Amino acid sequence: MKTYGPDHLKIEQMHSTKADADAAGHSHYFTGEPCRHGHIAPKRVKGWPCVECARLAYEKKAPRHRRPREIISEQERLLRRKAYLVNYWKKNKEWLSEKHREYYQKNREREALKDKARYEKNKESIRKKKKEYYEKNRESLIKRQREYRKNNKEKIREQKRAYYWKKKGQPGRTKK
């Protein structure tokens, strides 16, 4: 048999009026009469008219996250997780970016090995994407390259000199 409230009272043990139940410190009472919606069920001293009305209202308004876990599909759970992570990233973007930069700087060699392995594993798709990107944005990339060369003539000249002397077999020597 079902019990109600923190005192675990059965219907036979409940008071028949609200005032008596409240005076006794109980949370429920039972009159045996239907509520205004027609349910014959125990009523709460405070709040809802009857337990059945409260149950129906909860089922109707209960948010999806309160459903039992087995009802939620794996796909829906993954979508929720993804949405949570996207929102978390948006709220904490600067902090997360800074932490990522710090970690990458501390673990450069390890991360370089990971990057190299990732590239080797996906070499064809990466090359294909780069080629498509270049074809799509060719004019703007060429324009950017020309501007860089125009603004950094001395830097490029030094790089060419260092490369030349390295090939000649005299590393570190630059001509002035």
The range 10-47, residues that are out of contact with any helix residue (DSSP H, G or I) (no Cβ under 9 Å at 6 or more places or on another chain), under 23 Å from Ala57 (Cα atoms) and outside any loop (DSSP other than H, G, I, E, B): Ile11, Lys18
Given (1) more than 38 Å from the chain's Cα centre (by Cα); (2) on the phi < 0 side of the Ramachandran plot, number of the condition Arg118 does not satisfy: (1)
Test of understanding: among Lys136, Lys99, Lys160, Lys128, which residue is more than 35 Å from the chain's Cα centre (by Cα) and not small (Gly, Ala, Ser)? Lys160
I'd like the residue in the range 18-43 that is surrounded by 15 or more Cβ atoms within 10 Å (Cβ to Cβ), hydrophobic (A, V, I, L, M, F, W, C) and within 14 Å of Tyr4 (Cβ to Cβ) and, out of all such residues, is nearest to the chain's Cα centre (by Cα). Ala41
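No value in this document is a laboratory result; all are computed from the given coordinates. Not measured: the values here are computed from a predicted model. Backbone-built Cβ (ideal geometry, glycine too); neighbour counts: all protein chains shown.
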